[in-house]
Structure formats: C-alpha cells, structure tokens
1. Give the residue that is nearest to Phe148 (Cα to Cα), with candidates limited to residues of segment 231-254 that are out of contact with any Asp or Glu (no Cβ under 8 Å at 6 or more places or on another chain) and surrounded by fewer than 19 Cβ atoms within 10 Å (Cβ to Cβ).
2. Mind checking which residues of segment 146-173 are surrounded by fewer than 22 Cβ atoms within 10 Å (Cβ to Cβ), within 16 Å of the chain's Cα centre (by Cα) and either over 28 Å from Pro75 (Cβ atoms) or not polar (S, T, N, Q) (or both)?
3. Taking into account only those residues within segment 89-128 that are touching a helix residue (DSSP H, G or I) at 6+ places or on another chain (Cβ under 8 Å) and small (Gly, Ala, Ser), which is nearest to Thr50 (Cα to Cα)?
4. When you check Leu367 against the structure, is it of a type outside the set (D, E, K, R), in a helix (DSSP H, G or I) and either within 23 Å of the chain's Cα centre (by Cα) or under 20 Å from Ile268 (Cβ atoms) (or both), yes or no?
5. Scan segment 383-412 residue by residue and report those that are touching a strand residue (DSSP E or B) at 6+ places or on another chain (Cβ under 7 Å) and not in a loop (DSSP other than H, G, I, E, B).
6. Hey, can you tell me all the residues within segment 330-372 that are among the polar types (S, T, N, Q) and over 24 Å from Val393 (Cβ atoms)?
7. Output the residues belonging to segment 346-359 that are buried (at least 20 other Cβ atoms within 10 Å of the Cβ) and assigned to a helix (DSSP H, G or I).
Amino acid sequence: MKKSFLKISLGIFVSLLIFGSCKKETEPNQNNNNPETVVTGLLSYEALDTLYANDFNKIIDQDLGNFLADSANPPSKYIPRMARPKNDVALFRVRYQSIIPEQGNRPTIATGLVAIPVVSSKELPVISYQHGTIFEKNQAPSQPENSFETRFMLSQFAAQGYVLIAADYFGLGPVSNELNSYFVKNSTEQACLDMYKASMQLLEKFNLTKTKFFVNGWSQGGYNSMTFLRRLENENIKVDAAFTAAGPVDPLLAITRGLFNPRPIDAIWINAIITNMIISIEKYNGYAGLTEEYVKKDYLDKVIGFHNFSVSEKDFFTKVPTNLDSLFTPQFFDDAKATRGMFWKTLAASEAYKWYSRTPFRSYYGLKDEVVPDYLATLGVEYMKKLGKQDAVAIIAGDSADHRATYLESITDAKSWIDSFK
C-alpha cells in the first residue's frame, strides 16, 4: 500500500479538497441522559491511502498464498479467478455515532472503512462487507493492512467499481473504547446499520450516489450479514442481493454442536471462540459472574485478557487448553444441554435465519470446513425454502473446501452474480 493518496487523479469528484482533508463533526455527548434522542451518523472521516494496480496484483499474487498457508487448497486454484484491477481505490476511515441497544441505547463511537473506486461515474453500486472472526483489535477493516479478507474484498469489488463499506464492530479498530462485542447480536447489527448510514452521508459529501446495494460476509461476518440483512429489510432499505460464506446463522447450534458432536477436523481454536462469546455476552448484557461460572479459575485471567486484547494469540493458545473439558466447568456443559442460563438463552434468541427474506440470497459452504459444518452454513437457505422462498440457493465451495477456501470461493463465484444486478 502506498501512502500517496494526494497524488490520485480526483477529477471524478466535484471538490479536490474533499479527498485531501479530514472533516470533523461535533462529538457526541457520552453522558446523554436521554438516549432516545441520540442521532446516529457520520462524525468525521480521514483519507488513509490509495491502492493502485500494482497493489492489487500483489494482493492477488502474494497475499493469497499467505492466506492459504495452512490450507490443503493451493493459491493456484483461486488466483486465475480473481478479478484483476480495473481502477484505483481511495480508502477512508469514518468515525460515526452509534448506540449500544443492550445498554439502553447508550451512545458510542465506532469506525469503519469506506473504499471508493476512482472512476468517472458518480453513480456507483455499494457492497457492505461484514468481516469474520479476528483475535487482534487492529485486524478490523479500517486497518486493511492487517486484514487479508478486507484486502481481497477491495481487490474483488472495490477495484472493479464498487464502493466497499465495512464496519469495525464495537470494541475493534483504532478508536473504540468499548469491550469486544463478539457475537453480540443487537450491538453488531446496530454498528453495521449506522456504518451504512455514515457511509451514505460520506458519499453525499462527495456528490456520489448509490445505485445498487449488496450485503455479504464470511464466518462470524456471515452471521452478522444475516442479522444486518433482516434489520435492513425491517427498515425498508432495499438490498439487491446478499451472499454469505460459512455463516453460522444459529449460534446456539454452532456451539452445542462443537461441544457434544465434535468432528476430527474441528478447529483447535474453538476454545477462543467460545470464551470470547461468553465474555462479550456477559459484559454487554450485564450478566455478572457468567465467565467465572463457566470458565475454570486457572484460566480466567488468560481468557479475559485475550478478550480485551491484553493477552496475545500466541500466549492464549499456548496457555489455554484446547480440550474443552479441561477449560470449562461442569455447569457450563449442564446448562448447554438444557439451554439453561442467560448465556444459552441469549444464544437461542440470537438466530439469524428465521424469517422470510425478500432479498435474493446465496449461502456458500465447504465440506471440509473446520469451523462451520455444511448443515449449519445452509440452515438459513433451507429454512427460507420451507417458507416458499425461491431465490435462496446453497452453493458448495468444493469437496476439499475448508473455512478459508469457502470464503475465497464465495467472492470469486458470486462476483458475476452480483455484477448481473448492476
């Protein structure tokens, strides 16, 4: 990536000044006594970088190999299918006002990435990407140099003429002081909705107009995309099409399946997924003592530190057991079997598929996915088909497709489908 965004040709915009500046709006009142009056939306933006053809070619030719380093699927399977860049892309980080629904709509500030293609048209399609699980605070989309998946989305869509927007989620990115909101349904949904609003306000400042609008995400982001899609439809915001890769649309099933019906191929880092979920749901919903009840005391400091990013991935995975019986208390397993206790009841209420979506939808799944089994990734499609939905399709990413290969298959295969709506 080059730090030379001021060198870009900006003739597509009415004002050259816009790209070279950072406009700052009024900061929110964090002590607002009437959260119902909070106005969400754009606070400020800053130009980060501009990506050129050479940058995107490196993303395709070099980053794919690093991304698939531990996969049985070779980069050569996907490199020929990745779209080569058609335009440069200007990157912006937006700061926007949002609210935390689980805490009485308490105001907060969040960040996200807006990537704008350098093209002559002022009418552009927009795609909202919801990122997957990350274990470092700086791996969020608005710091794309640390995010493989974000860079691939920039290459596959932004460099092809789409505006790409991506929320960092609460607790992630360079600005948020909140706790990690991992799998906290309402807050993540709200973060994505307000990121969308902030992005539309930014486009308006640049005299750009949205034409079509698409939603997609991978893994945790696949789940988030579905909750976001439902919210968008409820808000009467039209989505032209949506697709997910390995989306665990039923968090309760996702976790209990791993506990009581494990597979030999299951990822060893399921321990980090579960502990992060427990702590996030406890802290955002106010379920005091939940983590202490479910995690054995010998590992409490490590899992809490990992959740708040003070314990590194390396330290966590060398000190915290991958054997779940060694990590969690008997009460954890007993409550899981009965869906008893606020953690499990919250997961049960957090499904992201039990409605009839009016949006054309594709769900990608891999038969060797070590994180999300095929039946979980396709659950939303199958449920909606039972309701009579005709334009929901489950697409296999391949017999050998693991979690990362499923993601790559989704963004390469779905590209032509998304293009057909433009």
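1. Checking each candidate, the answer is Asp240.
2. Scanning segment 146-173 gives a single hit, Phe148.
3. Only one residue tops the list, namely Ala90.
4. no
5. Met384, Lys385, Ala392, Val393, Ala394, Ile395, Ile396, Thr406, Tyr407, Glu409, Ser410
6. Those that are among the polar types (S, T, N, Q) and over 24 Å from Val393 (Cβ atoms): Gln331, Thr339, Thr346, Ser350.
7. Within segment 346-359, Thr346, Leu347 qualify.
Condition check ((1) without any contact (Cβ under 8 Å) to a residue 60 or more places away in the chain; (2) in contact with a Leu (Cβ under 7 Å, 6 or more places away or on another chain)) across all residues:
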site	(1), (2)
Ile273	no, no
Ile278	no, yes
Leu290	yes, no
Val295	yes, yes
Asp298	yes, no
Asp301	yes, no
Asn308	no, yes
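Quick note: the coordinates plus some simple rules give every number you see, no bench work behind them. Since this is a predicted model, take the numbers as computed values, not measurements. Note that we place each Cβ from the backbone using ideal geometry, even for glycine, and neighbour counts take in every protein chain shown.
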